[in-house]
Amino acid sequence: MQKSQVMNNESFQQKKTKTTLIERKTMNKERKNSRRHFLKTATAAMAAVAVTDMAGGGRAIADSQEKPMVYFTEDISAAGLLKVYAKINQHITGNVAIKIHTGEPHGPNIIPREMVKTLQQSIPNSKLVETNTLYEGKRKTTKQHRETIHINGWDFCEVDIMDEDGAVMLPVKGGKHFKEMSIAKNMLNYDSMLVLTHFKGHAMGGYGGSLKNIAIGCADGSIGKRMVHAANDSKPIPEWLAGEILQENMVESAKATIDYFGKHIVYINVLRNMSVDCDCAGIRAAKPTAPDIGILASTDILAIDQASIDMVYALPEHQRHDLQERIESRKGLRQLTYMKEMKMGNDQYELIKL
């Protein structure tokens, strides 16, 4: 793939999508996956954990030859992280970007740094990567972001703020909202990407899994994030999109990154300290009411986010209630159905307990 030219704000105004929120027709297609479907799938997924393990060689789901594998461990530790990563790293080569969410200062729920440090040190030629934010916080500028990286303890290795030097436009194949997306320029310096995600709720997305980590996290702060969050709203303080349109925008943004890396991108979700709030809420994040579950890993982005949702929905009602309400009130499940429509993965998977 040829590298695109760095896009400035003037060219963004010329290239940005012409479709406005007002002009978009109200979606008349109901989500195929209702709450009942997710609860049913969740129950099957948790049952699969009980019957499938690497030693027994059992099958979690029938006819799994065409279904992606999702590896699962209850061991939320550095050892558990290394164990699941070893199952998905066959095509992780060359310069490796480890996409994390650095979080606002002193956030209580981010993945423990020692876990990430152990993993990063085991991956040759790897760096942590992030991008600056669109919202006003302590990561909006590169200077602020580096201060936050230090406060939160991520500076045990080099951290590449990928939009420090600008952005590039990458194609969105098959998109209905975007034909291209503004992505952090330095992402093109990497041969492979490990998407390392703290799975949790999100104020606008409903939940933040692997999809959100790259959909927002690889878009540059000044242009790409505005495209996703506000479409063609060029006002200094944009009107933020919400609901299914936002979810679809995120999916299309992520597709640009996934298509760029091809088979050289893999995903890990850590289901721990799952507040209804994202790590961008920092110390304001609500206290988690869902219990820790474990770590999931896959080479399929739809499979891993589907499995994460299934495991949350399989919890007893009083434990899943808050997170489920956050997901559904923001139309978060549209992330999954639209990924399927965009042929970005498979929502039928084989769950393998390690």
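Looking only at the stretch 200-227, which residues have a backbone nitrogen under 15 Å from a spot 7 Å from the Cα of Glu328 in the C-beta direction?
Backbone N within reach: 206-207.
Among Ile293, His264, Ala281, whose Cα sits farthest toward the positive end of the charge dipole of the stretch 250-354 (+1 at Cβ of Lys/Arg, -1 at Cβ of Asp/Glu, about the Cα centre)?
Projecting each Cα onto the dipole axis, the largest value belongs to Ala281.
In straight Cα distance, which aspartates and glutamates are under 12 Å from Lys173, not counting same-chain residues fewer than 8 positions off?
Within reach: Glu252, Asp259.
Seen from all sides and averaged, what is the projected area of the convex hull of the Cα atoms in the stretch 66-223, in nm²?
10.3 nm²
The stretch 71-115: D in µm²/s via Stokes-Einstein (Kirkwood Rh, Cα pairs, 20 °C, 1.002 mPa s)?
After rounding, the answer is 171 µm²/s.
If you average 1/r over all unlike Cα pairs in the stretch 208-354 and invert the result, what Kirkwood radius do you get in angstrom?
Value: 16.1 Å, from the Cα pair sum.
When the expected Rg is taken as 2.2 N^0.38 Å, what fraction or multiple of it is the alpha-carbon Rg of the stretch 266-347?
Rg over 2.2 N^0.38 Å, computed on Cα atoms: 1.11.
Subtracting the Cα-Cα distance from 0.36 nm times the residue separation, let me have the gained length for Ser77 to Asp165 in nm, one decimal.
28.2 nm
Quote to one decimal, in nm, the extra length available between Lys343 and Lys117 on full extension: 0.36 nm per residue of separation minus the C-alpha distance between them.
Fully extending the segment from Lys343 to Lys117 adds 78.0 nm.
Please give the length that would be gained between Asp259 and Lys143 if that part of the chain were fully extended, namely 0.36 nm times their separation in residues minus their C-alpha to C-alpha distance (nm, one decimal).
On the way: separation 116, 0.36 × 116 = 41.76 nm, distance 3.06 nm.
Net length gain for the segment: 38.7 nm.
Could you work out the equivalent-ellipsoid semi-axes for the stretch 208-295, taking the square root of 5 times each eigenvalue of the Cα gyration tensor, largest first, in whole Å?
Square roots of five times the eigenvalues give 24, 20, 10 Å.
Report the FRET efficiency, 1/(1 + (r/R0)^6), for Ala203 and His106, where r is their Cβ-Cβ distance and R0 is 22 Å, rounded to 0.05.
The calculated FRET efficiency here is 0.75.
Could you size up the charge dipole of the stretch 182-277 around its Cα centre, putting +1 on the beta carbon of Lys and Arg and -1 on that of Asp and Glu, and report it in debye to the nearest 20?
240 debye
Would you calculate the volume per residue, in Å³, of the smallest convex hull containing every Cα atom of the stretch 150-227?
So the per-residue Cα hull volume is 133 Å³.
Anything over 24 Å Cα to Cα? Flag those among Lys127/Lys225; Lys127/Lys263; Lys127/Lys212; Lys185/Lys343; Lys67/Lys255, in the order listed.
Beyond 24 Å between Cα atoms: Lys185/Lys343.
A short reminder: the numbers here are calculations on the coordinates, not readings from a lab. Given the structure is predicted, the values throughout are model-derived calculations rather than measurements. Because the Cβ atoms are built from the backbone with ideal geometry, glycine has one as well, and the counts that use them run over all protein chains shown.
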